[in-house]
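Comments concern the structure below.
Only the coordinates and a few stated rules stand behind these numbers; no lab work does. None of the values given here were measured: they were computed from a predicted structure. Don't worry about glycine lacking a Cβ; one is built from the backbone with ideal geometry, like all the others, and counts go over all protein chains shown.
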Amino acid sequence: MVERARAANQAGLDSLFVGDHHSTGTYYQNVPIMGRLLAEWDERPAGTLFLLPLWHPVLVAEQIGTLASIAQGPFIMQCAIGGGDEQFDAFGVSLKERPSRFEAALDVVRRLCAGDKVSTEGPFVISGARFKPIPPQPLEVWIGARAPAAVDRAARLGDAFLIGPEATVAEVKSLVATYREACERHGRAPGPIAVRRDVHLADTQEAARALGEPAVASDHRGFDPSVFAIGTVESITEQFAELGRLGCSEVLIRHFVPNQDAVLRSFELLGDVRRAVR
């Protein structure tokens, strides 16, 4: 992960993010690993995803305050309601409580990160919480969503909308339209729209497929194969440009091929994609 953050920096990519998973096997937890990766980054935006229903909001706010103080540039909180029995059972949290816990946690985190003193009665019982250091810049919140109610929540509460890696091109188009309609309904201007893509680039299409297609075939998440971005600078540039034409302003990438040398070369090529798309 350190090598990949360094490679992303050297390639001139625009931002650095890490995700959030629990009770799902080997996973570097988001706050400590981001603290380490920021040493490889500069003043470009960085951020961390939090599955808010699983976190106490005072702890989230304190972690963000520390990371934002370490970061040289803007720090962004990505967040979502999360899913999966294995994650929620591990914390003793009901999946049915996700929407209410998400909205309550987000409100507390925002108020604390603005320097307010916060007390609440539920679902998190908080008495006179306050902390320092607060983030040096106003907290920017990107909300990930897929279901209609969640997209509406992103339009109502978020500064940006985050589309997951499982969305096909047709689904991206539909989600962008749903988000914009929800923003209009709530009297808010649409924010940036980001979409994540699992990628692997190589110098030739054959080389990209040689590693990428077996990794897709063995993938356990059941994504539609069309959502994986596998190819050369030229073909991936066109894929990302199409997402731009659909209304996405950001493409977040994650490498899924296990060969580290090939991944580091893929990062180099992504630098060319960025320049071409820009």
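Residue pairs whose Cβ atoms lie under 6 Å apart, separated by 6 or more positions or on different chains, with the first residue in region 189-201 and within 15 Å of Pro258 (Cβ to Cβ) and the second of a type in the set (Val, Ile, Thr) and part of a loop (DSSP other than H, G, I, E, B), are His200/Val257.
For beta carbons closer than 6 Å, sequence separation of 6+ or different chains, a first residue in region 253-278 that is touching a residue at least 12 places away in the same chain (Cβ under 8 Å) and a second that is assigned to a helix (DSSP H, G or I) and of a type in the set (Phe, Trp, Tyr), the qualifying pairs are Val277/Phe240.
Within region 181-198, which residues are crowded, with 17+ Cβ neighbours inside 10 Å and either part of a helix (DSSP H, G or I) or within 16 Å of the chain's Cα centre (by Cα) (or both)? Write out each step before concluding.
Going through region 181-198, the residues crowded, with 17+ Cβ neighbours inside 10 Å turn out to be 182-183, 190-191, 193-198.
Matches in region 181-198: Ala182, Cys183, Gly191, Ile193, Ala194, Val195, Arg196, Arg197, Asp198.
State whether the residues of region 107-125 include one that is in a loop (DSSP other than H, G, I, E, B), buried (at least 22 other Cβ atoms within 10 Å of the Cβ), touching a Cys at 6+ places or on another chain (Cβ under 9 Å) and in contact (Cβ under 8 Å) with a residue 12 or more places away in the chain. No. Scanning region 64-106 for residues that are without any contact (Cβ under 8 Å) to a residue 40 or more places away in the chain and over 19 Å from Ser23 (Cβ atoms) returns Leu67, Ile70, Ala71, Gln72, Gly73, Ser100.
Candidates in region 24-50 are the residues that are in contact with a helix residue (DSSP H, G or I) (Cβ under 7 Å, 6 or more places away or on another chain) and buried (at least 20 other Cβ atoms within 10 Å of the Cβ); of these, the one that is farthest from Gly82 (Cα to Cα) is Trp41. Within region 27-63, the set of residues being part of a loop (DSSP other than H, G, I, E, B), free of Cβ contacts under 8 Å to residues at least 12 places away in the same chain and over 21 Å from Ala7 (Cβ atoms) comprises Gln29 only.
Search region 216-233 for residues being part of a loop (DSSP other than H, G, I, E, B) and hydroxyl-bearing (Ser, Thr, Tyr), and hand back the single one that is nearest to His200 (Cα to Cα).
Thr232
Candidates Pro138, Pro133, Pro148, Pro99: the one that is surrounded by fewer than 17 Cβ atoms within 10 Å (Cβ to Cβ), in contact with a Ser or Thr (Cβ under 6 Å, 6 or more places away or on another chain) and more than 30 Å from His200 (Cα to Cα) is Pro133.
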